[in-house]
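Below is one structure, written out as structure tokens; comments come after it.
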Amino acid sequence: MSSSTLSLRCLAAGSMLALLLAAAGCSKSVEPPPPTAGQPRAAPQARAASALGDLSSFRVIAADVATIVDRGDLAAAKTRIKDLEVAWDAAEAGLKPRAADDWHGVDKAIDRALKALRADPPNAADCKQALTALLNTIDGMAGKA
């Protein structure tokens, strides 16, 4: 192989390396566009992760239960909160090691809501109070990552 061929190959390899490094340095993160005037903004808890990770699916169920309680259908709320209990218990092994104290805080708030809805008979005011506290607890976890 001639020295000029070797020089061209080295030059080509060096050029490719320089292009790759330049391309890697120019990458920018892609963020979703801000909402327009008619679109609602995401809830703060959906944007800021907690030390436990994404709690939005649990919050959705808790908010749904609160809506059902507000309608006065405590029997349906009792049925729906079972979904939260099952989902939370299923996620325990993945969540608890991340932030045990935070996990226990949410777990206790869920237990209080379960207790209020499973009381015989359940009291709507107690249920509302427990669910408000649960939602506040979940929301308070946002940004603790």
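The values are calculated or read from the model by the stated rules, or taken from the named source; none is laboratory data. All values reported here derive from a predicted model rather than from experimental measurement. Note: ideal-geometry Cβ built from the backbone for every residue, glycine included; neighbour counts use all protein chains shown. Calculation scope for accessible area: heavy atoms of the full protein, side chains included, ligands and nucleic acids excluded. Shrake-Rupley method; radii C 1.70, N 1.55, O 1.52, S 1.80 Å.
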> What pairs come up if the first residue lies in region 95-108 and is more than 18 Å from Leu135 (Cα to Cα), the second is at pLDDT 95 or above, and their beta carbons are under 6 Å apart, counting only those six or more places apart or on different chains?
Replying inline: Lys96/Trp103
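Mind telling me which of the residues Ala119, Ala130 ends up being crowded, with 17+ Cβ neighbours inside 10 Å and among the small types (Gly, Ala, Ser)?
Ala130
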> Is it true that Glu31 is open to solvent by 70 Å² or more (accessible area, probe 1.4 Å), more than 21 Å from Ala125 (Cβ to Cβ) and either modelled with pLDDT of 95 or more or under 20 Å from the mean Cα position of the chain (by Cα) (or both)?
Replying inline: yes
>> Give all pairs with beta carbons closer than 6 Å in which a residue from region 66-91 that is in contact (Cβ under 8 Å) with a residue 24 or more places away in the chain meets a residue that is assigned to a helix (DSSP H, G or I) and open to solvent by 60 Å² or more (accessible area, probe 1.4 Å); count only pairs at least 6 apart in sequence or on separate chains.
In response: Val69/Lys128
> What are the residues in region 84-102 that are hydrophobic (A, V, I, L, M, F, W, C), within 16 Å of Ser50 (Cα to Cα) and surrounded by 14 or more Cβ atoms within 10 Å (Cβ to Cβ), if any?
Replying inline: Trp88, Ala91, Leu95, Ala99
